[in-house]
Amino acid sequence: MPELPEAETIVRVLREGATGRTIRRVRILHPDVLAGSAAAFRRGLRGRRIRHVGRRGKNVVLHLDSGRVLAVNLGMTGRLLLSERGARLNLARRLPHAAVVFDLEPGAILVYDDIRRFGRLSLLDAAGWAAHSARLGPEPLDPSFTPAALAAGLAGSRAPVRSLLLDQGRLAGVGNIYANEALFRARIHPARAGSSLEPGDIRRLHRAIRSVLRAAIEGRGTTIRDYRDPGGGPGGFAPRLAVYGRDGVPCPRCGAPITRTVLRGRSAFFCPVCQPPDPTASGAAHAA
Ligand SMILES: [Zn+2]
């Protein structure tokens, strides 16, 4: 599932290749990926110039010259593929899961492709986008994201810290891959209650979240199976994952086998030696 580094990789390529181009035609092959009606979507986009491409959390955001915003939530398997004209031949055969095709001018084609179609394309006015953005938590790579901001997002909840990190309202852009990797780097057990983290834990976790996201952006994201950059290439960060998807593999730090558990319905991966369980929770268990 694309997370912040994958969305950022897409944004950087589209910023280079799509900014300044005009949307000439919109072909909607699977309207179920649209948040609104297909007719309104087509009408709102045709003839509009892409002024700027940005990112908010896991969303790729195209700002149009009309002041409106096309927000793309990639869901599980969404891809945005950009090719210059000429590469458009046999699109249907090459991309059997194309859901929306944008013809851009000067000559290029932008395809939203989504095998499972859990992604969403929303065309919003400025106020609608601001309201949507306000529901998301802070951007972890923004200079304003401090350890105190992270602490505020985790405080007061006894839910597992791994699950809290996935909550887009508490922190934008982090999903299961980078939540697990950040907790490993910070040596924090994924099942520890958010409210149990000490200031030292918070500082390490804050640093770990930022460092793993930066490294993954540098590696152009992680491809487990479906993620592709706009040129169709996989991300390069998967070989650098320390714990995610690696149960049974030796911990790169201590050699103990990485363990998988399930927290709130989703896999968590950790090193049982480097990431000990919450000392206060086990103390409580002894007391009880
Ligand atoms: Zn270890």
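The table for this structure:
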read-out: Ranked VAL212, VAL262, criterion: other C-beta atoms within 10 Å, fewest first; value: VAL262, VAL212
read-out: Cα pair distances in region 1-159, grouped into 10 Å bins until the bin that holds the longest one, percent each; value: 10, 38, 35, 11, 5, 0
read-out: Longest to shortest principal axis, alpha-carbon extents of region 147-287, angstrom; value: 56, 33, 26
read-out: Relative contact order [Cα under 8 Å, 6+ residues apart], the chain, whole percent; value: 18 percent
read-out: About the Cα centre, charge dipole magnitude for the chain (Lys/Arg +1, Asp/Glu -1 at Cβ), debye; value: 580 debye
read-out: Ratio Rg/Rh [Cα only; Rh per Kirkwood] for the chain; value: 1.02
read-out: Residue-by-residue Karplus 3J(HN,Hα) for region 102-115, coefficients 6.51, -1.76, 1.60, Hz, glycine and proline x; value: 10, 8, 10, 10, x, x, 7, 9, 10, 10, 9, 10, 7, 4
read-out: Kirkwood-type radius of region 134-190, with distances r between different C-alpha atoms, in Å; value: 11.5 Å
read-out: Model label zone, ARG253; criterion: amide N under 15 Å from point 7 Å along Cα-to-beta-carbon; scope region 169-202; value: 179-192, 200-202
read-out: CD proxy at 222 nm, helix term only [per DSSP H run n ≥ 4: -39500 (n - 2.57); per residue of the chain; nearest 500]; value: -9000 deg cm²/dmol
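Throughout, read-outs are computed from the coordinates displayed, never taken from laboratory work. Only a predicted model underlies this, so the values are computations on that prediction, with no experimental measurement involved. Heads up, the Cβs are rebuilt from the backbone with ideal geometry, glycines too, and the neighbour counts pull from every protein chain shown.
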